[in-house]
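Input: a single structure, listed below in structure tokens.
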Amino acid sequence: LANASEKLAIVPSAFEFEELANQRLINLAKYLASRGYTVIFAAWQWSRDERLSKSNREVMPGIWQIDLYALIDRAADLAKRNDSRSTYFITLPAPDLVNLHQAMRKSGLAVVYDILDEWEAFNGVGQAPWYSEAHEHEAVMASDVVAAVSPPLVEKFGNLRSDMLVIGNGYTPATLGLDNRFCSAGAR
């Protein structure tokens, strides 16, 4: 499926695809699928034994969920792309995902690192045991484009490169509805 697609996007995620969850990576997958991409949504597994409920099927038109280890095991099987829009998104600086950038680039995919969180801090409180500063630095340096959800995350890696973008999380009318556009305006 991936090799036959006109435009391909590979989006690893820390969780399984849930159509109504207003999560950045789910919204990214839906956006790309709506623009004609075949989206491979690779859901996190803590081990090869872990079974996910939605893997190896189309979870929404144009979006196919697979297991993380299926992505890792099959990345080298991707055919060389002839388009300039297919993209691999590094969404977690986990060593296995960062290390895939070489196979993805060899297959002709652009590489984008989307810095979703302060992973070092998560690691410090036991929430991201896979975290490695060296791998996060590699993700920043090896990517064609780096985006972060906040200016402090851009500043954190400013010594590595100066062309990073801030793309904050935002309201999505298709998910929350137009009447809910100010739902958090008064929240404190």
- Item | Residues that are among the β-branched types (Val, Ile, Thr), assigned to a strand (DSSP E or B) and either closer than 17 Å to Ala110 by Cα or in contact with a helix residue (DSSP H, G or I) (Cβ under 6 Å, 6 or more places away or on another chain) (or both), drawn from region 59-88 | Ile63, Thr87
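Tally the residues that are within 12 Å of the chain's Cα centre (by Cα) and farther than 21 Å from Pro95 by Cβ, restricting the search to region 18-31.
6
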- Would a scan of region 65-72 turn up a residue that is open to solvent by 30 Å² or more (accessible area, probe 1.4 Å), more than 15 Å from Phe15 (Cα to Cα) and touching an Asp or Glu at 6+ places or on another chain (Cβ under 8 Å)? yes
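Among residues belonging to region 3-22 that are hydrophobic (A, V, I, L, M, F, W, C), in contact with a helix residue (DSSP H, G or I) (Cβ under 9 Å, 6 or more places away or on another chain) and open to solvent by less than 20 Å² (accessible area, probe 1.4 Å), point out the one that is farthest from Gly36 (Cα to Cα). Show your work before the answer.
We begin by selecting, within region 3-22, every residue hydrophobic (A, V, I, L, M, F, W, C); these are 4, 8-11, 14-15, 17, 20-21.
Still in the list and also in contact with a helix residue (DSSP H, G or I) (Cβ under 9 Å, 6 or more places away or on another chain): 9-11, 14-15, 17, 20-21.
Next, from what is left, pick out any that are open to solvent by less than 20 Å² (accessible area, probe 1.4 Å): 9-11, 17.
Details: Ala9: 10, Ile10: 13, Val11: 15, Phe17: 18 Å.
My answer is Phe17.
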- Query: When you look at Glu50, is it acidic (Asp, Glu) and in contact with a strand residue (DSSP E or B) (Cβ under 7 Å, 6 or more places away or on another chain), yes or no?
  - Reply: no
- Message: Being open to solvent by less than 30 Å² (accessible area, probe 1.4 Å) and assigned to a strand (DSSP E or B) is the filter here; which residues of region 41-58 pass it?
- Response: Phe41, Ala42, Ala43
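The values are calculated or read from the model by the stated rules, or taken from the named source; none is laboratory data. Bear in mind that the values here come from a model prediction, so they are computed numbers and not experimental data. Neighbour counts run over all protein chains shown; Cβ positions are idealised from the backbone, glycine included. The protein model used for the area step is the full one, side chains on, heavy atoms only, and it has no ligands, DNA or RNA in it. Shrake-Rupley method; radii C 1.70, N 1.55, O 1.52, S 1.80 Å.
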